[in-house]
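Below is one structure, written out as structure tokens, with a few remarks after it.
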Amino acid sequence: MASKENVIGSAGMYGVFERKGGSAPTATHYCPGCGHGILHKIIADTMADLDIQDRSVVMSPVGCSVFTYYYIDCGHVQTAHGRAPAVATGISRAEDDAILISYQGDGDLASIGLNETVQAANRGEKMAVFFINNTVYGMTGGQMAPTTLVGEVTATTPTGRDPRDSGYPIHICELLDTLRAPVYIERVSLSNINQIKKARRAVRRALEIQRDKKGYAFVEFLSPCPTILRMDARRIELFINEEMEREFPLKRFRDRSSEVVPIERRESDFSKGSLDGIFGLIGEEEVEVIPDPAFVAKGVKIAGFGGQGVLSMGLALAQAAYRSGRFVSWYPDYGPEQRGGTSNCSVVISGESIGSPVVDHPDVLVAFNRPSLEKFASDVRKGGLILYDGLAGSFNPPEGVAAVPVPATEIALSRGVEQAANTAMFGALMELGNLGLPREAFGGAFKRTFAKKPKLIPLNLEILEEGARSVR
Amino acid sequence: MPAQLVEGNTAVIVGAMYAGCDCFFGYPITPASEILHEASRHFPKVGRKFVQAESEEAAINMAYGAAAAGHRVLAASSGPGMSLKQEGISYIAGAELPCVIVDIARAGPGLGNIGPEQSDYNQAVKGGGHGCYRNIVLAPNSVQEMCDFTIKAFDLAFKYRNPAVILADGVLGHMVEPLNFPQTAVEPVIDPTWAVCGNRETRGNLVTSIDLDFKELEAHNLNLQAKYDRIRENEVDYEEYRIDDAEIVLVSYGISSRIAKSAVDAARREGIRAGLFRPVTLFPFPAEELKALAERGSGFISVEMSDGQMREDIRLATGCRDVGLVSRYGGNLIGRDEIMEKMREVA
Ligand SMILES: Cc1ncc(C[n+]2csc(CCOP(=O)(O)OP(=O)(O)O)c2C)c(N)n1
């Protein structure tokens, strides 16, 4: 019986619904009078008419229309509940010529997927979003949807939607109309033949916008769900035309399609040459790191306030060690004080592959301020060294540990570049650190660390030497 | 081979780009954010696609979409974000799409903190979302491997049309080490037999994970299980260190395995016959190899920053109930001395 009543053949639909199969492979699974079947046919017709079936991919949402892919003759991706606009975004970004249709019910689009809805619209993604507003969750048995009318009885509002408990119906077109990016927004109805004609025009406009790659188009359809709402054909038509339309007035909210230019995205470039270029590998020399078990590994900890160049000094040291053929690791510890507070980093220099990159017991501690000095001094190994900024005041090191004040900030200030205190400290480390690295490696590291500002290298080389002299 | 000092998170992007990945969708979270930053910096330079998504759910679903179109897609996150991605990963597994997902794990549960932990093991290795599925899981332990395993993950993801997870942690993500850059760049080819690209060739294709027919969905599940068995047969990878005469075998992966390795050397100096077995693939887990070691009579200690999540797999593989555990939580790395102490206890 159903097989006869539900036949909705159209140019853009499959002749036989093979994916559906079963005993009635030319009938849809929709209930009689359901708006989904009507809209499927309109979309399919329009796709065929615009000759865009090859380019089109429909997102089948979670909801009654989860099986859209049974029917419309184009590419299909089934999506998780509410995520269709995100999935369509992924396809659209990957395939610039694809035409994306995000087909969604009101639970899917306006409840669980509201964020995806708003954000895709706000990015102006190239997609047509077709929104079936039937005021209920159809598939799961008629629970309240965000669009359920005040007073409307549903499975979860047995005495009618009470705004004091459940708020008011959400107006999605109006909400999206506050955004700049959407090209087209319209609300139409599927209540009767006249309305369906207008709906057809809206679908056509939305798909033309997609064909021409012009951006985001949104069409809301006030749609009959006679089964869940337990209404006959006449009653559901009245319900839509009177009660729903009172809440959700039919309107073209905007059509900017004649003003906007197509969005074209570049093709991906996969060539190795381009990659070598962006990673700065062209002309990059090879470094040979040779195991040297006789080399005694060194752990260095550098600590201070954010902005004192703690992390970059560590990176410079890592470069110096690496370019000297040592195994090396650098690891930053922002701690809980990541923003604006203290920071420290660990550098391990070794003759063989490195275990933990975190230095708990440094051979050398470099402290740029008093708190770092106090926090880490007791961790320094016996026989180790502490270099600290002279401004941190006098300091008595733990037994068996040498502590040397370095006028790092003073040197930097005298050169008019306060940020170079770490360079002066680096000079002191070169002089006293006993890290087993050649002297030239320290200054040589600036070629890397100042790669973006090579003009600063000569001055920093001078400050490096001055830092070294200051502790000689 | 050109080499540079590179951060672990950056190495992931290097690997992905040389592997022909051209879509990245992400959402900020420490300690994985640098992957997002580097993608935003480098992808557009070569016309590759980058979107900062509105959430991890949106990000993984964008990845699902681009993967459905047959592209090489990367997603990356940490703890709380990985939890949000689980629904999407289940869909990716169910629809049999290739996708590489990087977890720069942090300490949990809940918001936890941004220090390292290895407590996402179960989530990554056992599936993590709903339904019976497995991710291929690779566990790098160096910056070099962050790059190389990302490349390998793309190969495996496409070979099996399956999500592949790089399970790392905050230390691996943030540490800087030398990286030898890849010597080749992949020019990916889209497979029109299953991808949905919005063109004539793929118009008849469908990507889905729903099947209302119980028999059919069971058959699909059995196919998935057969695929996971093939992965178990062919893709197990591990590393052994001083294992030949080892009486105590430390089993450890990722950042902890490096510390375990130094503990092995230190133990040997004390005359303890220790060795390291490091699973490189966590799924498939190197169960047979561990079993062989058990049959030889070795004892096992699992060294992992979790409550023994991997230890359960060691127990299952070896049949030994008595597997030791050295663990830390809350963002603390395991100390070499803690491992030494445990070894002295059992030696
Ligand atoms: C994450 C998740 N939550 C809940 C469901 C169950 N579910 C299936 S369909 C549906 C309602 C869909 O309603 P709507 O979007 O209004 O579409 P309709 O069925 O009315 O067309 C729900 C909640 C699901 N599949 N996934």
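The values are calculated or read from the model by the stated rules, or taken from the named source; none is laboratory data. Note that the structure is predicted; figures quoted are calculated from it, not measured. Positions of Cβ are generated from backbone atoms using ideal geometry, with glycine treated the same way; all protein chains shown enter the neighbour counts. When the accessible area is computed, the model is the full protein with side chains, heavy atoms only, and any ligands, DNA or RNA have been set aside. Shrake-Rupley method; radii C 1.70, N 1.55, O 1.52, S 1.80 Å.
Observations, loosely collected:
- Between the range B:132-191 and the range A:58-101, the Cα center-to-center distance that results, in Å: 28
- Coordinate range along principal axes, alpha carbons of the protein assembly as shown, Å, largest first: 97, 68, 54
- The listed residues A:Tyr331, B:Tyr238 rank as B:Tyr238, A:Tyr331 when sorted by accessible area, largest first, using a 1.4 Å probe.
- For the range A:8-98, the relative contact order comes to 28 percent (Cα pairs under 8 Å, sequence separation of at least 6).
- Reduced Cα scattering model of the range A:106-221, Debye log10 I(q)/I(0), q = 0.14 Å⁻¹: -0.62
- Percent RCO, i.e. relative contact order, over chain A, from Cα pairs under 8 Å lying at least 6 residues apart: 9
- Surrounding net charge for A:Gly427, when Lys and Arg each add one and Asp and Glu each subtract one, Cβ distance under 14 Å: -3
- For B:His42, B:His37, B:His220, the ranking by accessible surface with the largest value first comes to B:His37, B:His220, B:His42, using a 1.4 Å probe.
- Mean separation of Cα contacts under 8 Å, 6 or more apart, over the residue count of chain B: relative contact order %: 18
- Highest-first arrangement of B:46-57, A:382-393, where packing means the average Cβ count within 10 Å: B:46-57, A:382-393
- Helices in chain B, meaning DSSP H runs of at least 4 residues, each add -39500 (n - 2.57). Divided by all residues, the mean residue ellipticity at 222 nm is -13000 deg cm²/dmol.
- Using the Cα coordinates of the range B:225-347, the gyration tensor eigenvalues translate into equivalent-ellipsoid semi-axes of 23, 16, 12 Å, sorted from longest to shortest.
- Residue-averaged 222 nm ellipticity for chain A, from DSSP H runs of 4+ at -39500 (n - 2.57), nearest 500: -9000 deg cm²/dmol
- One quarter of the surface of the convex hull around the alpha-carbon atoms of the range A:403-472 equals 4.5 nm², the direction-averaged projected area.
- Scattering from chain A was approximated by placing one identical point on each alpha carbon and applying the Debye formula without solvent; log10 I(q)/I(0) at 0.09, 0.10, 0.11, 0.13 1/Å stands at -0.71, -0.75, -0.80, -0.99.
- Calculated SAXS-style log₁₀ I(q)/I(0) at q = 0.15, 0.19 Å⁻¹ - the range B:1-126, Debye, Cα scatterers: -0.66, -1.04
- For the peptides A:432-438, A:179-185, the ranking by packing is A:179-185, A:432-438, with the highest mean count of neighbouring Cβ atoms within 10 Å listed first.
- For the segment B:18-27, counting C-beta atoms of other chains within 10 Å of every residue's C-beta and taking the mean gives 3.
- 20 Å Cα-Cα reach of A:Lys126 towards lysines, excluding residues that sit fewer than 8 places from it in its own chain: A:Lys213, A:Lys214, B:Lys49
- Computed from the Cα positions only, the extents of the range B:3-234 along the three principal axes stand at 51, 40, 37 Å, in decreasing order.
- Across all Cα atoms of the range A:2-255, the radius of gyration (one decimal) and Dmax (whole number) stand at 16.9, 49 Å.
- Inverting the pair-averaged 1/r between distinct Cα atoms of the range A:29-147 gives 14.2 Å as its Kirkwood hydrodynamic radius.
- Taking every residue in A:317-329 and counting other chain Cβ atoms within 10 Å of its Cβ, the average works out to 2.
- Of A:Lys298/B:Lys261; A:Lys20/B:Lys159; A:Lys301/A:Lys382; A:Lys20/A:Lys41; B:Lys152/B:Lys227, pairs whose Cα-Cα distance is over 21 Å: A:Lys20/B:Lys159
- Summed over the residues of the protein assembly as shown and divided among them, the accessible surface reaches 38 Å² per residue at a probe radius of 1.4 Å.
- Spatial separation of Cα centroids for the range B:83-130 and the range A:403-438, in angstrom: 44
- For the listed peptides A:295-305, A:351-361, A:251-261, a ranking on the average number of other beta carbons within 10 Å per residue, highest first, reads A:295-305, A:351-361, A:251-261.
- Environment charge at A:Asp108 (Cβ cut-off 15 Å; Lys +1, Arg +1, Asp -1, Glu -1): -4
- Counting only other chain Cβ atoms within 10 Å of each residue's Cβ, the peptide B:170-180 averages 6.
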